[in-house]
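Reading through the structure tokens given below for one structure.
No value in this document is a laboratory result; all are computed from the given coordinates. Just so you know, these numbers come straight off a predicted model, no measurement behind them.
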């Protein structure tokens with residue numbers, strides 16, 4: 001530090017007195033005043049004030065700063081401690097206020113913009129969300145549950161389906177459906193008219209759509225049923241594009257990404273609800289700091 005002129009030292013002393021008078025009058029200075037004060041006060045005195053400097057830094061806690069040949073007192077220890085408490089309180093208040101202010105928005109990435117527009121387009125259509133549960137992953141496995149909801153979350157179909165063979169234990173371990181559950185359930189052929197009724201000529205979305213729609217098409221052919229017109233969309237591809245990631249993403253990963261609160265359940269109906277919530281989260285996304 002270089003020695004300061006008497007005029008500068010006088011200014012620093014006046015700054016100190018002005019601050020103390022405001023504090024003693026219980027009038028807290030606002031942020032603008034405080035920023036001006038921070039710019040004007042000697043930076044070493046401010047260090048004492050804001051960081052509660054240890055005694056060894058300048059030889060005495062809060063007593064002054066070295067001005068070359070002599071010491072100029074800035075704050076006493078008691079004043080520094082008192083003002084430190086005041087500053088901490090105002091910092092806490094500024095933090096509280098900042099937390100309530102609207103967050104700034106950053107521009108969306110090209111991937112986010114594209115996925116967002118696709119999600120909006122889906123919701124503009126006559127949308128339905130599909131999910132199925134099966135006896136396994138092979139082409140000869142069968143559907144044991146099918147659920148369908150519209151874009152408002154209304155349930156269109158939610159039924160178990162009786163397969164022609166027993167449900168393996170490893171499949172039951174995933175979705176919880178047993179042979180006893182499907183004993184009196186309708187067959188796929190019996191429920192198919194309802195599937196046509198709600199899915200025909202609609203935009204149908206599923207998470208990992210290739211799995212659900214492949215099984216659906218396979219069952220239609222296997223039971224010699226007439227297929228119907230539909231637009232098939234994949235919510236997993238939509239989410240993967242949104243985060244600019246690899247194709248395969250678990251539904252739980254997508255839900256956690258947007259902090260979507262849904263019931264933890266592996267049944268088809270709850271997967272439908274989670275998928276719809278994901279589409280709406282992407283459509284309504286705002287990139288906030």
* **Semi-axes of the equivalent ellipsoid for segment 110-283, Cα gyration tensor, largest first, Å** => 27, 18, 14
* Asked: Which whole-number value in Å³ per residue fits the convex hull of the alpha carbons of segment 155-238?
  -> 115 Å³
* Asked: Looking at the square roots a ≥ b ≥ c of the eigenvalues of the Cα gyration tensor of segment 227-289, which shape do they give, rounded for a/c under 1.5, prolate if a/b is larger than b/c, or oblate?
  -> oblate
* Structure fact -> Rounded to two decimals, the Rg over Rh value of segment 116-183 from Cα coordinates and the Kirkwood Rh reads 1.11
